[in-house]
1. Can you give me the relative contact order of region B:1-107 as a percent, contacts being Cα pairs under 8 Å and 6 or more apart?
2. Taking chain A on its own, what percent of its Cα-Cα pair distances exceed 22 Å?
3. By Kyte-Doolittle mean hydropathy of at least 0.0 and Cα axial length of at least 27 Å, which whole DSSP H helices of chain A are selected?
4. Per the helix-only calculation at 222 nm, which mean residue ellipticity applies to the protein assembly as shown, given -39500 (n - 2.57) for every DSSP H run of n ≥ 4 and division by its residues, nearest 500 deg cm²/dmol?
5. At 7 Å along Cα-to-Cβ for each site, give me the label-to-label distance between A:S185 and B:A117 in nm.
6. For region A:78-190, what relative contact order do you get, as a whole percent, if you take Cα pairs closer than 8 Å and at least 6 residues apart?
7. By counting other Cβ atoms within 10 Å of each Cβ, how are A:S156, A:S56, A:S135 ranked from fewest to most?
8. What angle, in degrees between 0 and 90 and rounded to the nearest 10, separates the Cα long axis of helix B:131-155 from the longest principal axis of the Cα atoms of chain B?
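Laboratory data are not the source of any read-out in this text; all were calculated from the coordinates shown. Predicted, not measured: the structure shown is a model, and the values here were computed from it. Counting neighbours? That spans all protein chains shown, and the Cβs are built from the backbone with ideal geometry, glycine included.
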Amino acid sequence: MGVIWDYLGNSAHWSGPEGVPARVLEHLEYTFLALAFVCLIALPLGLFVGHTGRGSVAIAGSANALRALPDFGLLVYVVLLISGRLPASLAYLLPSILVLVILGIPAVLSATYAGIQAVDPAARDAAKGMGMTGSQVLWRVEVPNAMPLILSGVRSSMLQIVATATIAAYVSLGGLGRFILDGQSQRDYSQMAAGAVLVGVLAIVLDLLVAGIQRLVVSPGVTGRFRTAGPRRRPVLISSSQEGSVVPTT
Amino acid sequence: MITYLQDHFQQTVERFYTHAWLAVLPLVIGLVLAIPLGWLASRYRRVYPGVINLAGLLYTLPSVALFVIMPSIIHTKILSPINVVVALTIYTVALMVRVIADALLSVPADVRSAAVAMGFTGLGRFLRVDLPIAVPVIVAGARVAAASNVGLVSVGALIGVNQLGSLFTEGFTLDVGSIVLLGILLCVLLALILDTTIVLTGRRLTTWQRAVS
């Protein structure tokens, strides 16, 4: 275990463009950039499909097909395919981000759609009966009820992106994967191990962060934290692995 | 792609086999380990949150990180395939423990009462009543684990383990997209074969589902 700390304990590795803080920042940059695009695409699409029920078969099918594709292979393939046609400054960043977005979409999309679909039909009917319009039903009933699942989708998508961004160091992306890849080529195990530990810690910290947001955003009426009497309903999160919304990290 | 396959047929077949082994072995070991752990978590209320949280934490770790850390924990060589097997076993256990615990918790109370009334106790009831009823859910979990294992094994190419993922690194170094594409197709093929095998095994284990309908 000691070798891991050799690298991190050396203050020379904590400054400059190849130091730990700079690499952490790069990794965060890629992650948030990709996650922002994922949410921008997958959330509206998931809400639309969940609310109208149109295209649900296509979504389930394509999400499963994407899951069978090896992330690493897809990454290398897309980079080979398009990096030659881009100006040098974008040649490595753009294809990697593109793949991170493609890989991040299924988790958010299927969780959003499944979350909306799983809303108790009685609640939906009651909302309609009260005179709510379609969009009011969506925003005031369906979205708050689906929130736990939607956020767990965002969570697994984010972890997927953090993990794949690490591998993307192989196709010249910066970030924490650099320590692992550079350490490998320099036969410097302590550098590799340091990179691995940093990525692990980053993943856990980001995951806890979203978990915290989840507690703040999800209505207490949905999680059951509100209830005092009667049987406690299990939070929807428990079943997320069976809903197929959890995409394994790479 | 065809020419590459013709020229490197033997090597590609070997890589396919290695890849299959590296994906299947952790799945089987993981399943065997996850069943007793899942039982513990479903049986004892106090164990459940601990086990589930630990599983979630392990599942959070990116695979490359786990592959790289392994040698310093279990004292293997850095390039050893054992690192990949152990790391993927950890993922499989982390995924399946929760699936199995929840599946066992969802066995209907009247079924359990009927089994007790028929004289089933302890381990016998678990093996002959609870576990078979949980099979369809376990199968669903195993399918997810198998598909993810196939993808994760290919990442092992980064730390020098020779399998289908090596086609990705080879294609990248030579700047030949079709080699990478071949690797992707073979990975999908392997995932498909594993998925079909798991579904068929699940069906053989749950013959009563067809007997009733």
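1. 41 percent
2. Percent of Cα pairs beyond 22 Å in chain A: 59.
3. A:20-52, A:93-117, A:143-167, A:189-217
4. -24500 deg cm²/dmol
5. Roughly 7.1 nm, to one decimal.
6. 28 percent
7. Fewest to most other Cβ atoms nearby, the residues stand as A:S135, A:S56, A:S156.
8. 20 degrees
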